[in-house]
Amino acid sequence: MTENENLKNEIKEEKSKEELDKEKGEKLEKESLQKAGNIAKAVKKYIKPKIKGGAKVFDLITDTEAKIEELGGSCAFPANICINNIAAHYTSPIKDDGLEIQEGDLVKIDLGVHIEGYIVDTAFSINLSEEESLENIIQAIEIALDAAKMLSKPKTNTRDIGKKIEEIVKGFKYNPIRELGGHQIERWTVHGKKQLPELGSQGGDIMEINEVFAIEIFASTGKGSVHNTQYSYIYEINPYAGRVPLRRKTSKQLLGFINKNYKTLPFAERWLAKEFRLGVAFGLQELIQQGKLQVHNVLAEKKGVNVAQIEETILITEEGFEQLT
């Protein structure tokens, strides 16, 4: 065998190793996503009957997160429970604020599960109101979700999905929320590079095989626009921040703990309170001021408006999609 033939054979062997490693990685990813999805399904089934008038939001949130851990998963982000005009990013603060669900509320619960950074994201709404304006709001988002899934396949432009979502939600006399919507999910990143909008006028991205997307739909009785409130209980490492000087010892300890335990995933300030009895608020404040943390403010429509939400995670396959949650 000549030297050139030997070299060609070595290249072929190396390629086959790369292909095997890729296949192994894809198998691990799919199995992890499926496991996370099964946990998410079980948690939704577990927590749904508990969402009723008089239920304490703090208890529901901590119960949801504990169930994820009990079933062998990790929280991809703090469980959110948003009521009426509150659309996103509410989780209980360090000290229980006493918030309770009331009869007549429209309640959204959004939860995420990950297995070694492989994430699924899912949400549902419960309508405890008999208001005529809310009679069809759950039906609207469910039908829009089904239509969005049917359009999901390789080479689909997510703008076309957004157009269909907008058409259905508006057909029920509600408005999608322009600042919110679906998104790609990547390992250790809840909101990936590609977007899945709620409006046909918004930019889109092309779906590809093996990509993971959260189809997330909101329907509002208002104008379909949210604003930042003054409240924030969820934070996330800023991946673009370099080394910065930190004056407080607690700040340094918090940063090390966050990097080790949450990496690039969102976390709740109350999670830190389990590990650090003192100095959490001041430590977080310094990390935010130095640009090391991003803040997720609670997002809300105007008072008197109601918002419903639904979300499922899918894996794009050669045939179309596989629903994970």
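Just so you know, all these numbers are worked out from the coordinates, no wet-lab data involved. In this text, all values refer to a predicted model and were calculated from it rather than measured experimentally. Virtual Cβ from ideal backbone geometry, glycine too; neighbours counted across all protein chains shown.
Taking the Cα centre of the stretch 233-297 as reference, the dipole from Cβ charges on Lys and Arg (+1) and Asp and Glu (-1) amounts to some 280 debye.
Of the residues Gly192, Gly171, Ala140, the one whose Cα sits farthest toward the positive end of the charge dipole of the stretch 133-207, with +1 on the Cβ of Lys and Arg and -1 on the Cβ of Asp and Glu, is Gly192.
Measuring r between the beta carbons of Asp96 and Glu179 and using R0 = 25 Å, the FRET efficiency lands at 0.30. Using R₀ = 30 Å, calculate the FRET efficiency as 1/(1 + (r/R₀)^6) where r is the Cβ-Cβ separation of Asn6 and Leu28; round to 0.05. The calculated FRET efficiency here is 0.35.
Taking a threshold of 24 Å on the Cα-Cα distance, which of the pairs Lys30/Lys263; Lys27/Lys108; Lys274/Lys302 fall above it?
Correct reply: Lys27/Lys108; Lys274/Lys302.
Kindly state, to the nearest 0.05, the FRET efficiency for Arg277 paired with Tyr46, given R0 = 30 Å and r defined as their beta-carbon distance. Working from the Cβ atoms, E equals 0.50. Would the stretch 233-297 count as rounded, prolate or oblate if I go by the C-alpha gyration tensor, calling it rounded below 1.5 in a/c and otherwise prolate when a/b exceeds b/c, oblate otherwise? Because its axes are fairly even, with a/c under 1.5, the stretch 233-297 counts as rounded. Taking amide H as placed 1.01 Å from N in the peptide plane, the amide H of Thr91 sits under 5 Å from that of Tyr233, each at least 5 places away or on another chain. The stretch between Glu130 and Gln294, if pulled fully straight at 0.36 nm per residue, gains 55.2 nm over its current Cα-Cα span. Database remark: amide H of Thr156 closer than 5 angstrom to the amide H of Met207 (H placed geometrically; neighbours at sequence offset of 5 or more, or on other chains; Pro and chain starts carry no H).
Relative to the Cα centre, the charge distribution of the chain, modelled as +1 at Lys and Arg Cβ and -1 at Asp and Glu Cβ, gives a dipole magnitude of about 1140 debye. Work from the charge dipole of the chain (Cβ charges, +1 for Lys and Arg, -1 for Asp and Glu, about the Cα centre) and give the residue of Gly98, Leu71, Leu7 farthest towards its positive end. Farthest towards the positive end: Gly98.
In the stretch 233-297, a dipole from Cβ-located charges (positive for Lys and Arg, negative for Asp and Glu) runs towards its positive end, and of Asn238, Ser251, Ile288 it is Ser251 whose Cα lies farthest in that direction. Based on DSSP loop calls and a cut-off of at most 11 other Cβ atoms within 10 Å, the longest stretch of the chain free of exposed GluC sites (Glu not before Pro) is what? The segment 131-317 is the longest one with no such site. Scan the chain and hand back the longest stretch that contains none of the trypsin sites (Lys or Arg not before Pro) lying in DSSP loops with at most 16 other Cβ atoms within 10 Å. That gives 96-154 as the longest site-free run.
If the segment from Tyr231 to Glu103 were pulled out straight at 0.36 nm per residue, it would be longer than the present Cα-Cα gap by 43.7 nm. Taking 0.36 nm per residue of separation and subtracting the Cα-Cα distance, full extension of the segment from Trp188 to Ser16 would add 59.1 nm. Computed over the chain with a Gaussian network model linking Cα atoms closer than 10 Å, the most mobile of Asp59, Asp121, Asp97 is Asp97.
Largest mean-square fluctuation among Gly279, Gly200, Gly222, in a Gaussian network model of the chain whose springs join Cα atoms under 10 Å apart, belongs to Gly279.
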